[in-house]
Structure formats: C-alpha cells, structure tokens
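What follows is one structure encoded as structure tokens, with my remarks underneath.
The values are calculated or read from the model by the stated rules, or taken from the named source; none is laboratory data. Fair warning: this is a prediction, and the values are worked out from it, not measured in the lab. Note that each Cβ is placed from the backbone with ideal geometry, even for glycine, and that neighbours are counted across all protein chains shown. Just so you know, the surface numbers come from the protein's heavy atoms only, side chains and all, with ligands and any DNA or RNA stripped out. Shrake-Rupley method; radii C 1.70, N 1.55, O 1.52, S 1.80 Å.
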Amino acid sequence: MYLRHLQVTDFRSWPLADLALEPGPVVLVGQNGRGKTNLLEAIGYVATLGSHRVATDAPLVRHGCERALIRVAVVNEDRELTVELEITPGRANRARVNRGAVGKPRDVLGILRTVLFSPEDLALVRGDPSERRRFMDELLVLRAPRYAGVRADYEKVLKQRNALLKTAGKRRTGREDPYALSTLDVWDDHLSVAGAQLLAARLNLIADLAPYTADAYMGVAPDSRPAKIAYKSSLGEALPPSYGVPGGERAEANVLRELLLKALADTRRQELERGISLVGPHRDELELILGEAPAKGYASHGESWSFALALRLGSYELLRAEAGEPVLLLDDVFAELDRKRRARLAEVAAGAEQVLITAAVAEDVPEELAGARFTVADGEVNRV
C-alpha cells in the first residue's frame, strides 16, 4: 500500500498543497512551524478520521475558512482508490470515494492504513490512561474498520447512561426516581452489548500485539529490562485469566456481556451515588511494564522513548503480518532518538513499501532513507 498523491485545501496552515508521491522513502525537510507535520496529520486523518494532535476538528480548518479538504490517491495491490474528505466544524463531515459520495465518513476507513510515530507518542508512556485507550482503539479500527461503529455506539450509550445516573439518584431531588431506575436497566443492556464487543476486540488485539511489542522493544533497547503489555479491565478478577494474553483463549463477546451485566448490577448503588458509570471499557487501562515495574513513573527518558517506539513498531508489524504493509509516517522523530534507536527505526523504515518522514534538517534523516525529497518553506512544498 502506498500514497500516489496528496492534496490539501485550507487544512491547518495550508491554503493549498499538492504532492505527487511514490513508493519508498519520502522526506519533507523544512524549519519547524512550516507545515510539515500538518501534511502527515492530513494523511493520518484519512486513515483514522482523527488527529494525533487535537481532539476536535475545528483547529484543522485554516483560520478564516469554513471547511478543509483532503484528497488522497491510495494504491493497494495495483488497485487505486481516491478518497476525499470535507471537514466542516459544526456540521457533518462528508466523504467521497472515486468521486462518489458514501453514506458516512467512516465508510472510508480501511482504504488507507497508516502507522504514525511522533513526539506526541511519549504520552503513551507518561500520559493518562485515556492516551493508551485511544491507542488501542485507533489500532483496532485500522485492523478492523467495523469497530469504529462499535466504539461510536459505546460512547453514545455511555453518555446517555451517565446522564440518567445523574437524574436517577438522590443527587438533585433528595430521592430516587423510580421511572429513571427502571430505564437504567435498558441502558445497562445496551452498554453491555456494545461494551462486550469493544472489550473482546481490545483483549484479542493486545494478545496479538504483545509479542510484536516485546520484540520491537528488545530491538531498540537490547540492554534494557524486558518490556511487556497487559490489559487491565474494570471487571477485575471476574475477567477470565486466559483472555488478553498471548496464546490464551480468544475473548468472546457473549461471555463478557454477562460479566458486564453482573458488574453493573453489583456497582449500581455506587454509580447512583456518584452519578457516573464505573464499569466498562472506558475505565480500562493498557499496562506498560518494564521488568517487574510499571513503565509510567519508573522508566527513564530513553526507556520511555523506546517503549513508545516499540508500541508503534509492534503495531506496524502486526498490521503488516495480517493484511499487507501500512504506510509508515515518521514525524520529526530521528532528532529525538539516540544512535541505536535511530538505527533500528531506520532499518524498519527502509524495508517499508512507503515511509513519509519529516525533519528540520536533512542531516537528521539516516542515509539509507534517502529517496524522494521535498522542501517545505514559505507556504510551498517543492520536489528537490
């Protein structure tokens, strides 16, 4: 899989940028603040319908403009598809494939698959659990696009259920609302259906990703403690111990649904008192472990970078093993890495079908990644 063409209009800082691309390494060189990352962000948006830098779409539209456009031509096994996304804050975004409208923007998911490594990835190790949940869910959608709908359904139900919990308890009136309490049973059922599907998919993802991540960490930090990842569920010890571990039993949504329903019943009193859902995938965590200690709070700066890189390289290898190579995006990361880590990342990137790299100076990019080169300056991007 590779990108043959990228065009953005009124996206971030770009009134217009138009790039003809090719397989192999593609390097964008320019001083910081010139828009290199914005171009990689646009590519990543097509793959995930989200930005790795901001939580909402509004900052993606150039100041003073009503909408932004992203167009890409994706070649996969000699078949080319053109995807166009129109981003309009405050309104529904629109998508087209080969100039034909699709029902929902998420219908384009799966056409382009990317793995992005950027300086923001340090938050995967040092940030809040929400960063790691997002990592899992984005990788899950890259692996199986239908889970974008499952994730959206779960978030919608969770929002409705939390609103009901706030009104059903004694928080405002001093007495419980019998009607709201009976309605809560319905929302428990909805939450258990979507939650079990999302939880099963996450557990199976981590079981499959764990060996790739451990191998990648060993490759970038051979002298460090061994690294491993594990899924920590809000179901606690009720979760079957064989779920979510390499070589273990595949997680089944029907089993997890029953466990979620029981956990919701057991915690209802606490939830009514606090006005919030206390059980479900939104409360879960991806544990990152170095040796016997959690990486967060115990890993050095170098070890944290190594773990973040291992998560991305592990994701890349997992996707490549299952359905062909994704496009690799490396956003100004070589300047952040020491010699060993640079060499390992360059080794993987050199073997990719296509890798797009940004750098402030050309010397930051390893020689083995010399390929198509563009300069980014003064609102223009030009092939060297």
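Checked against (1) open to solvent by 10 Å² or more (accessible area, probe 1.4 Å); (2) assigned to a helix (DSSP H, G or I); (3) farther than 21 Å from residue 346 by Cα; (4) without any contact (Cβ under 8 Å) to a residue 60 or more places away in the chain, residue 230 meets all criteria but (2).
Can you tell which of 62, 67, 53 is surrounded by fewer than 22 Cβ atoms within 10 Å (Cβ to Cβ), in contact with an Asp or Glu (Cβ under 7 Å, 6 or more places away or on another chain) and within 16 Å of residue 330 (Cβ to Cβ)?
That would be 53, the only listed residue that is surrounded by fewer than 22 Cβ atoms within 10 Å (Cβ to Cβ), in contact with an Asp or Glu (Cβ under 7 Å, 6 or more places away or on another chain) and within 16 Å of residue 330 (Cβ to Cβ).
Go through region 128-144 and report how many residues are over 12 Å from the mean Cα position of the chain (by Cα) and surrounded by 15 or more Cβ atoms within 10 Å (Cβ to Cβ). Show your work before the answer.
Quick first cut of region 128-144, residues over 12 Å from the mean Cα position of the chain (by Cα) only: 128-129, 144.
Checking the rest, the ones that are also surrounded by 15 or more Cβ atoms within 10 Å (Cβ to Cβ) come to 129, 144.
Total satisfying the criteria: 2.
Taking (1) in contact with a helix residue (DSSP H, G or I) (Cβ under 6 Å, 6 or more places away or on another chain); (2) at positive phi in turn, residue 236 satisfies each apart from (1). Against the numbered list (1) in contact with a helix residue (DSSP H, G or I) (Cβ under 6 Å, 6 or more places away or on another chain); (2) open to solvent by 20 Å² or more (accessible area, probe 1.4 Å); (3) at pLDDT 95 or above, residue 211 comes up short only at (1).
A Cβ distance below 6 Å, combined with a sequence gap of six or more or placement on separate chains, defines the contacts here; from region 266-285, residues that are closer than 14 Å to residue 130 by Cβ reach no residue that is assigned to a helix (DSSP H, G or I) and of a type in the set (Phe, Trp, Tyr).
Report the residue count in region 193-224 for those that are in a helix (DSSP H, G or I) and without any contact (Cβ under 8 Å) to a residue 12 or more places away in the chain.
Within region 193-224, the subset in a helix (DSSP H, G or I) is 193-220.
Within this subset, residues satisfying the condition of being without any contact (Cβ under 8 Å) to a residue 12 or more places away in the chain are 218.
Of the residues in that region, 1 qualify.
So how many residues does region 106-141 have that are part of a helix (DSSP H, G or I) and either of a type outside the set (A, V, I, L, M, F, W, C) or free of Cβ contacts under 8 Å to residues at least 40 places away in the same chain (or both)?
Step one: filter region 106-141 for residues part of a helix (DSSP H, G or I), giving 106-108, 119-126, 129-141.
Retained after the next criterion (residues that are either of a type outside the set (A, V, I, L, M, F, W, C) or free of Cβ contacts under 8 Å to residues at least 40 places away in the same chain (or both)): 106-107, 119-121, 123, 126, 129-134, 137-138.
Number satisfying all stated conditions: 15.
Annotation note: of 349, 299, 253, 343, the sole residue that is open to solvent by 30 Å² or more (accessible area, probe 1.4 Å), of a type in the set (Gly, Ala, Ser) and either in contact (Cβ under 8 Å) with a residue 40 or more places away in the chain or touching a strand residue (DSSP E or B) at 6+ places or on another chain (Cβ under 9 Å) (or both) is 253. Going through (1) within 24 Å of residue 323 (Cβ to Cβ); (2) of a type outside the set (Asp, Glu); (3) open to solvent by 80 Å² or more (accessible area, probe 1.4 Å) one by one, residue 108 falls short only on (3). Counted as qualifying within region 326-378 are the strands (runs of 3 or more DSSP E) with 1 or more residues that are under 26 Å from residue 139 (Cβ atoms), namely 327-331, 354-359.
Results for (1) modelled with pLDDT of 90 or more; (2) crowded, with 17+ Cβ neighbours inside 10 Å; (3) within 27 Å of the chain's Cα centre (by Cα); (4) closer than 12 Å to residue 29 by Cα, shown as yes or no for each residue.
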residue: 354; (1), (2), (3), (4): yes, yes, yes, no
residue: 367; (1), (2), (3), (4): no, no, no, no
residue: 379; (1), (2), (3), (4): no, no, no, no
residue: 384; (1), (2), (3), (4): no, no, no, yes
